[in-house]
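We did not get these values from a lab; they are worked out from the coordinates using the rules stated. Keep in mind that what you see is a predicted model, and the values were worked out from it rather than measured. Positions of Cβ are generated from backbone atoms using ideal geometry, with glycine treated the same way; all protein chains shown enter the neighbour counts.
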Amino acid sequence: MRSLGVDVGGEHGKNLDVVVLDGDRQVVAVGSQMPVRRLRGLIETYRPEVVCIDGPPAWAAAGGRSRLAERELKLLGIQAYYTPDKATGETNPFYGWMRNALAAFRAADRAGFPTYRSGVIRGTAIEVFPHASATVLAGCLAPARPSASDKRAWRAAILRTHHVPTGQLTTLDHVDAALCALTGLIGLALGDPFAPGAPAEGRIVVPARVVPAAGYRRCVPTRAGATEPLITFCACGCGAQVRPGREFRPGHDRRLMVQLERAVADGDRARAELQRRGWT
């Protein structure tokens, strides 16, 4: 199982940053400053189960100044850039990154991943907002007004908490692409993740099945100056949430043990076959 995350830049300059994660949340590939025209080839090369793009797949309705997805996130305390209607978005230079996101969704569609509308995300291209994903994974909002380095450190710490290694993620764009890919993996495990918005305008997928009705408050800084996530996910990979200080849902440590035992057995069989054929 693989998930391909895409951090979207402007029409000029950095373009796309890409991170591919496998089912064990290990980094398979990292790409920097890649033009949109290469995205289809990357999808066909890495064959993910889901493509996760940091940007909108469609403009707001004619005359609109925002999409339902962004307004619903705001009710949870998560602020996002508003996506305008097509007339505004296609003429204002500020929205170049949104135009790039639309182009990325078109490239994904040509590679066989239509834009997600509702239900199961497998086999689709989903919209992901890294700030929202980080908030949901941490269970709280990032400290107010962080610098770019603080933002990267906070989000990278959340990735590590959720078993994603960050050694290869050298920029904030890489970290955000990895958050997109992780959201895809969790969404695959959940089957039908929470995704505010409307099908015609695009839904923003978050890495949870439900979110708190009262929204999110600021994370409480620890003595080290970091923040302690309030929610983590079961280490067996089922996608279920667990309380702080725990790795597993009750009984789910057995699931991981069985998975690891099977992996070891498969590895032994593969090693024996390689030796039998004289390939090692």
If only Cα atoms are counted, what is the Rg of region 69-115, and what is its Dmax, in Å? 13.0, 35
Radius 12 Å from Cβ of ARG106, net charge of other residues (Lys, Arg +1; Asp, Glu -1): +3
Computed label-point distance, nm, for sites GLN168 and ARG209 using a 7 Å Cα→Cβ extension: 3.1
Cβ neighbours within 10 Å, averaged per peptide: list 102-111, 199-208, 173-182 in order, most packed at the top. 173-182, 199-208, 102-111
Sketch the reach of a paramagnetic label on ASP22 as a point 7 Å from Cα along Cα-to-Cβ, and name the residues of region 43-83 whose backbone nitrogen lies under 17 Å away. 45-50
If each of MET1 and ARG217 carries a label point 7 Å out from its Cα toward its Cβ, how far apart are those two points in nm? 3.4
Where does each of SER133, SER32, SER149 land when they are ranked from fewest to most other beta-carbon atoms within 10 angstrom? SER149, SER32, SER133
Between SER118 and THR161, how many nm apart are label points set 7 Å from Cα along the C-beta direction? 3.2
Added length on full extension, which subtracts the Cα-Cα distance from 0.36 nm per residue, ALA61 to SER147: 27.6 nm
Whole angstrom only: what separates the Cα centroid of region 101-116 from the Cα centroid of region 1-68? 9
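Please report, in cubic angstrom per residue, the volume enclosed by the convex hull of the alpha-carbon atoms of region 2-231.
Working: hull volume 26.0 nm³, N = 230.
So the per-residue Cα hull volume is 113 Å³.
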Roughly how many debye, to the nearest 20, is the charge dipole of region 2-231 about its Cα centre, given +1 on each Lys and Arg Cβ, -1 on each Asp and Glu Cβ, and no other charges? 200
Determine by what factor the alpha-carbon radius of gyration of region 1-59 differs from 2.2 N^0.38 Å, reporting the quotient. 1.10
